[in-house]
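Trainee: The structure that follows is given in the form of structure tokens.
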Amino acid sequence: MAAPLYVTQSGRLWHAGLILIVTVGLPARGKTHISRALERYLRWLGVKTRVYSLGDYRRKVLGGAKNIPADYFQTKGPRSEETTALRKRIKGELEAQIWDFFTVQGGQVVIYDANNGNVAARKETLQTFESKGVHVIFLESMCDKDDIITANIRSVKLSSPDYAGWDADRAVADYWTRIRDQEGLYDTVTQDEGPYIKIINVGERIEVNRIEGYLQTRCCFFLMNIHTRPRTIYFARSGQSLIEHSYKADSDLSPAGWEYAERLKAAVTARRKALREERRAAGEVVADNPLIVWTSARRRAHHTAWPFVHAGYKVVQKPIMSEINPGVWDGLSTDEARDLYPDEWERFLADPYAHRAPRAESYHDLSVRVEPVIFELERCQDDLLIIGHASVIRCLLAYLVGLPPNEVPAVEIARGDLVEVTPASYGVVSRAFHFWSGEGRGDSAGGNLYENFAEATVGKGHVLPDSGVNFAADARDIESEARAEEEKEKTKQRGAGNANGNGNGARRMRAKAGTRDGAMTAPFAGTPEESEADEPRHREAEDALGRRDEVLVEGDADAGDERAARGRAMSILQI
């Protein structure tokens with residue numbers, strides 16, 4: 001397994017030499033999206049990689065579509081000498097920048113993002129770079145489904161500077177005209193042209209020809225897992241637990257943690273509704289993607305997802321997403337760790353990302369551990385909510401956003417903030433939304449509260465202001481929207497309970513919510529007939545729990561009576 005975010009003095013890995021990946025395809029085939037995704041993955045592996053886009057450079061030189069000569073994209077007739085010279089100059093200047101990246105800046109992989117739709121142009125590029133010792137691979141994206149192409153135009157091309165200020169329908173029609181003009185002259189890559197990877201209909205099928213070498217095959221494996229379907233990825237920390245500062249305890253949620261879980265579901269629901277409206281207002285194709293929830297196998301994480309389970313969402317536990325192992329620092333405060341292990345503390349401060357305390361994990365170890373999650377994340381085509389731990393969320397965000405290793409341990413992930421990441425053709429868009437200010441969010445000093453010292457950011461450096469992950473400072477407040485959505489859901493549940501007779505639905509929700517000390521019953525997963533048969537037992541258990549609650553409020557019974565009442569209630573619920 002490759003070591004994520006691993007670097008060498010030369011900046012080049014696995015004796016792979018210099019690699020140029022040349023994209024091939026008609027417009028709106030997802031070439032830029034695929035290029036950026038591959039760049040993100042290779043950088044995460046530690047490979048010095050850069051995308052050079054011919055379209056971006058042309059826009060930088062000429063500006064928007066209004067400044068482009070009328071015959072610049074013309075294919076049915078000869079272009080003017082001025083236009084031909086302009087196209088050749090722009091292409092030559094960009095290829096000079098590519099060579100500078102290889103030779104001066106120490107780069108190893110370049111992704112040349114352009115149409116490259118005819119054999120002559122590809123042959124010229126191949127000869128130019130192969131003669132200089134660069135291994136050239138063609139990466140072709142083919143698509144014959146008009147609905148996918150139109151969706152790509154609306155979601156990506158309309159926001160391009162080429163169409164700034166254009167009417168959406170007129171821009172779509174103009175772009176289709178550009179595509180039709182190029183289709184007649186387009187040549188697909190053939191076996192005798194050299195090594196290639198073909199992606200057909202955005203991952204429906206992949207063809208590979210003469211791909212050799214470790215790094216090259218890693219690229220193939222990654223490309224087999226990606227797609228260009230619009231989706232959104234959400235991240236949130238688990239709720240507060242009963243034993244907050246122990247890795248070994250694996251304790252359940254506290255009462256505040258259960259309240260947080262309900263509020264999280266409401267916040268995600270409210271945010272997904274708002275995002276659909278934003279996209280509809282922007283003229284984008286709005287896909288009603290289902291939501292899948294991933295959690296770690298730790299109790300506080302997968303129990304935070306229980307409101308989603310009861311609402312019918314698919315929830316998947318992934319043990320590989322457990323938080324970073326603190327080793328001997330488990331349960332220690334910052335001061336205690338510094339006093340008890342002064343030598344380890346000094347080494348830790350020198351390199352918070354790579355240092356590994358005794359019997360612990362470093363962030364580098366954690367990044368290696370979660371690499372399979374990255375492939376699953378890329379393969380998932382639905383909206384995704386990851387409920388987990390700050391350390392794991394940092395590593396996954398480092399991959400998505402492209403953070404350097406020294407900044408990963410310093411990213412603040414507050415409990416009560418929902419991080420929203422939308423992969424796009426030109427990178428990712430990341431935002432944060434604050435939905436919870438209750439117990440378990442902050443510590444006594446006003447900072448974010450973390451489960452243990454290994455999860456915290458104390459002494460672990462700083463994140464640059466333009467990193468895209470300053471969520472604590474940039475989070476937008478949606479607490480009122482989340483609270484309103486939660487009240488709406490509770491009203492619906494009360495109505496459903498009354499409709500079922502004698503408030504059965506509400507009783508099940510109370511049984512699901514557990515006792516006040518955080519002890520939890522298993523979620524109801526039986527048939528409606530089983531529900532009715534079990535109703536007397538649930539009612540008897542609730543009566544016992546109710547009597548216990550009265551004791552706690554009035555204080556007229558001793559601790560033995562309290563334990564007996566709770567024991568009777570739990571034994572009934574566990575039958």
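Trainee: Among the listed residues Y247, Y214, Y234, which satisfies the condition of being surrounded by fewer than 15 Cβ atoms within 10 Å (Cβ to Cβ) and under 28 Å from the mean Cα position of the chain (by Cα)?
Mentor: Y214
Trainee: Residues to consider are I179, I148; find the one that is among the hydrophobic types (A, V, I, L, M, F, W, C), open to solvent by less than 10 Å² (accessible area, probe 1.4 Å) and outside any loop (DSSP other than H, G, I, E, B).
Mentor: Answer to the check: I179.
Trainee: May I pose another question? List every residue pair whose Cβ atoms sit under 7 Å apart, with the two residues 6 or more apart in sequence or on different chains, where the first one lies in the stretch 88-112 and is free of Cβ contacts under 8 Å to residues at least 40 places away in the same chain and the second, anywhere, is surrounded by 11 or more Cβ atoms within 10 Å (Cβ to Cβ) and of a type in the set (S, T, Y).
Mentor: Close Cβ pairs satisfying both conditions: I90/Y57; E95/T128.
Trainee: Output the residues belonging to the stretch 45-62 that are in a strand (DSSP E or B) and open to solvent by 30 Å² or more (accessible area, probe 1.4 Å).
Mentor: Once the filter is applied, which keeps residues that are in a strand (DSSP E or B) and open to solvent by 30 Å² or more (accessible area, probe 1.4 Å), the stretch 45-62 yields only R50.
Trainee: Give me a count of the residues in the stretch 428-450 that are modelled with pLDDT under 70 and buried (at least 16 other Cβ atoms within 10 Å of the Cβ).
Mentor: Within the stretch 428-450, residues that are modelled with pLDDT under 70 and buried (at least 16 other Cβ atoms within 10 Å of the Cβ) number 0.
Trainee: So, one more: I'd like the full set of residues that are of a type in the set (S, T, N, Q) and under 25 Å from F435 (Cβ atoms), limited to the stretch 226-248.
Mentor: Matches in the stretch 226-248: T232, S238, Q240, S241.
Trainee: Here is a further query. Tally the residues that are under 30 Å from G165 (Cα atoms) and hydrophobic (A, V, I, L, M, F, W, C), restricting the search to the stretch 283-330.
Mentor: Looking only at that region, the number is 3.
Trainee: Please tell me if K76 is in contact with an Asp or Glu (Cβ under 7 Å, 6 or more places away or on another chain) and either within 27 Å of E39 (Cβ to Cβ) or not hydrophobic (A, V, I, L, M, F, W, C) (or both).
Mentor: It is true that K76 is in contact with an Asp or Glu (Cβ under 7 Å, 6 or more places away or on another chain) and either within 27 Å of E39 (Cβ to Cβ) or not hydrophobic (A, V, I, L, M, F, W, C) (or both).
Trainee: Looking at (1) buried (at least 18 other Cβ atoms within 10 Å of the Cβ); (2) touching a Phe, Trp or Tyr at 6+ places or on another chain (Cβ under 9 Å); (3) among the aliphatic types (A, V, I, L, M), which is the only condition L366 fails?
Mentor: The number of the failed condition is (2).
Trainee: Now a separate question. Filter the stretch 299-325 for residues that are part of a helix (DSSP H, G or I), touching a strand residue (DSSP E or B) at 6+ places or on another chain (Cβ under 6 Å), under 12 Å from W258 (Cα atoms) and not polar (S, T, N, Q) and give the result.
Mentor: Passing the criteria: R300, A301, H302, H303.
Trainee: Sticking with this one: When the residues of the stretch 81-110 are filtered to those that are touching a helix residue (DSSP H, G or I) at 6+ places or on another chain (Cβ under 6 Å) and outside any helix (DSSP H, G or I), which remaining residue is surrounded by the fewest Cβ atoms within 10 Å (Cβ to Cβ)?
Mentor: G107
Trainee: Of T228, T269, T232, which residue is within 30 Å of I413 (Cβ to Cβ), touching a Leu at 6+ places or on another chain (Cβ under 7 Å) and not aliphatic (A, V, I, L, M)?
Mentor: Criteria check complete, one pass: T232.
Trainee: Another one. When the residues of the stretch 63-80 are filtered to those that are free of Cβ contacts under 8 Å to residues at least 60 places away in the same chain and among the polar types (S, T, N, Q), which remaining residue is most open to solvent (accessible area, probe 1.4 Å)?
Mentor: N67
Trainee: A further question follows. Out of the residues in the stretch 269-297 that are of a type in the set (D, E) and closer than 18 Å to A432 by Cα, state the one that is most open to solvent (accessible area, probe 1.4 Å).
Mentor: Only one residue fits best here, namely E277.
Trainee: If you go through the stretch 334-349 one residue at a time, do you hit one that is buried (at least 18 other Cβ atoms within 10 Å of the Cβ), under 29 Å from the mean Cα position of the chain (by Cα) and more than 30 Å from P290 (Cβ to Cβ)?
Mentor: Yes, because at least one residue in the stretch 334-349 is buried (at least 18 other Cβ atoms within 10 Å of the Cβ), under 29 Å from the mean Cα position of the chain (by Cα) and more than 30 Å from P290 (Cβ to Cβ).
Trainee: What's the number of the only condition in (1) open to solvent by 30 Å² or more (accessible area, probe 1.4 Å); (2) more than 30 Å from S437 (Cα to Cα) that L223 fails to meet?
Mentor: (1)
Trainee: Check whether at least one residue in the stretch 136-150 is more than 30 Å from M224 (Cα to Cα) and aliphatic (A, V, I, L, M), and report yes or no.
Mentor: No, every residue in the stretch 136-150 fails to be more than 30 Å from M224 (Cα to Cα) and aliphatic (A, V, I, L, M).
Trainee: Out of the stretch 102-138, which residues are more than 22 Å from L223 (Cβ to Cβ) and touching a Gly at 6+ places or on another chain (Cβ under 8 Å)?
Mentor: G106, G133
The values are calculated or read from the model by the stated rules, or taken from the named source; none is laboratory data. These numbers come from a predicted model, not from an experiment. With ideal geometry, Cβ positions are generated from the backbone for all residues, glycine too; neighbour counts draw on all protein chains shown. Accessible surface areas use protein heavy atoms only, side chains included; no ligands, DNA or RNA. Shrake-Rupley method; radii C 1.70, N 1.55, O 1.52, S 1.80 Å.
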